[in-house]
Each structure stands twice: as C-alpha cells, then as structure tokens.
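The values are calculated or read from the model by the stated rules, or taken from the named source; none is laboratory data. Note that the coordinates shown come from a computational prediction; the quantities given were computed from them, not determined experimentally. Cβ: placed from backbone, ideal geometry, glycine included. Neighbour counts: every protein chain shown. Note: accessible area is taken over every heavy atom of the protein model, side chains too, but ligands, DNA and RNA are not part of it. Shrake-Rupley method; radii C 1.70, N 1.55, O 1.52, S 1.80 Å.
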Amino acid sequence: MIILKLGGSILTNKNSKKAEVNYTNLNRIANEIKNALINKGMDNFINNNSTDQGLVIIHGAGSYGHPPAKKYEIGNNFNNDEYPKKRIGFSKTQICVKKLNTIICDVLVNHGLPCVSIQASSFITTKNKRINNFNLDLIERYIDEGFIPVIYGDVVLDDELKVAVLSGDQILQYIAINLNLSSKSNKKEVILGTDVNGVYTKNPKKYDDAKHIPVLTSLDDIDELDSTTNIDVTGGMIGKIKELLELAELGIESKIINANEDGTILDALNNKDIKGTRIK
C-alpha cells in the first residue's frame, strides 16, 4: 500500500498572486507514477501478483487554497456576527481546492491512471482542527475495485471552531494509521514530495549553513523550527514533520523527497536510494 503526498508547492506556483498549475511538474509526475506502477506489477491495479495493494494520492492546496483560507482566516476564532463572511470564505476556499483537484485528476486520468476524486469536506469533520470523524469504508472499497483515490487538503466543519482548514498531511497520517486493506500485504509506504531534498537543520532557501538531515527521529534535530520552510495555513514543513513523527512512533516510516527533480517520484516509488529524509 502506497500513500503518496504531493505538496501544493510542487503542483502549483504556491507564491503566485493568482492560482496557477505547474503543468510541467504535474504531467511529469503523472508519467512517473504510471511507470512506477508498471515496474511494480501494479499497472492493472487489481488481481495482480504484486505484494503491494493500491495507491492513494493526497495533494496540497498550493496557490489555489491557501490565499482564500488566509484571507478569510478560516480556522481562527470569530464572533457569531462574522459568520456570514466566514461562510463565504469557506465556500470560496472549497471551490478553489476542488478546481485544483479536478485539474490534477484530469491529467492523471489522461496518463492512464484510474483516479477518483475524494472531497474531504463531504465526509470528514474535525474538532479543534483535528480529525474526529473520517469513515474510510469508501476509500477501501475504491482501492479494492482497482481505483486510485485522490484526496486533498480542504476546509471542513469543526465541532469547536465551526470551520477549519484540514491539511493533506493530517489526512495522510489518519489514512496511514487507520486504513485496513482487505487482502495481501498491509504494509504501508508513505512518501511526501516537496520542493526541497528533505529536511534540513534550517531553511536551505535562506541559510547557506543549513545541513541536510538524512534520518530524522525528533524535532530536536532541527535548529530553526520556525524557519524550515514557508509557513502557511497548514503549518508548513514543521506541520508535516509532526504528523510523520507521530506515524514513526507507531512503526510507520516515511520519506520526504524533492519532487521538483526529474525521476525522484519514480525512484521513490520503486524503493531506490535517493536523497531525502527518512522519518523513523
């Protein structure tokens, strides 16, 4: 079972003032996923002899979801008289991330991948920004039928805050812990494609003395907790690492790689040794 998370910074121009898809990366990654599944004997997606079963793709919101979520401060406390404006912000953010998901699924399907869109806000709720209701039955059924579920960061109803942002990283963690496969191996591979070669002691885009961390076991290995990457409404790189460290405590290892580089996704899915950071 492979859980592949594709960061919004890979699939979009995340810092753009308008929503832009990076079609070069998206088409390349779609082709690499297809080739990797062929190499693993999973290109038929069902009734094959591979010890792996299924693929779930999770993607971030990038320049589609973060600007409206930030503008309307989704997930922050607010007075009841502010709720009408907050609802509009919620709706606009939901529409934006849905548009991105549609584009991504369209490209993946055009590369021969039987993807099906899963909208988080339609069946997931949170309590104080943490998932408290997530029925995995449908996702398990899609995998059993040979589909590739494609889920994405979204805005959701929250039992305490009314509305909140749900990151793809939290979705990844929940699926990795709770998804039960009906047959074959229950082993899970977790891969995060970002725009850097894994985790560094500091933000490598800002500090020349940043050192690469090949294996990470604690946040104590990082010198600048607030500077490892751009901080966004989902918590940036630190938010990702925290989710993955919790997985590691349960015995589920993951790896963070640079999906901007040609062949990295392909090599990671084929379990080749590449530069990145293992979280264990």
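Figure legend. Inter-residue proximity from segment 114-133: first residues touching a residue at least 12 places away in the same chain (Cβ under 8 Å) and at positive phi, second residues open to solvent by 50 Å² or more (accessible area, probe 1.4 Å) and not in a strand (DSSP E or B), beta-carbon distance below 7 Å, spacing 6+ or different chains. Indicated pairs: ASN128/GLU160. In segment 57-96, which residue that is in contact (Cβ under 8 Å) with a residue 12 or more places away in the chain, among the hydrophobic types (A, V, I, L, M, F, W, C) and in a helix (DSSP H, G or I) is farthest from GLU160 (Cα to Cα)? Ranking the candidates gives CYS96 first.
Of all residue pairs spaced 6 or more apart or on separate chains, those with beta-carbon atoms under 6 Å, a first member in segment 8-29 that is small (Gly, Ala, Ser) and a second member that is buried (at least 19 other Cβ atoms within 10 Å of the Cβ) and in a helix (DSSP H, G or I) are GLY8/GLY62; SER16/SER63; ALA19/SER63; ALA19/TYR64. Looking only at residues of segment 101-160 that are under 16 Å from ILE171 (Cβ atoms) and of a type in the set (D, E, K, R), we find that the one that is surrounded by the fewest Cβ atoms within 10 Å (Cβ to Cβ) is ASP137.
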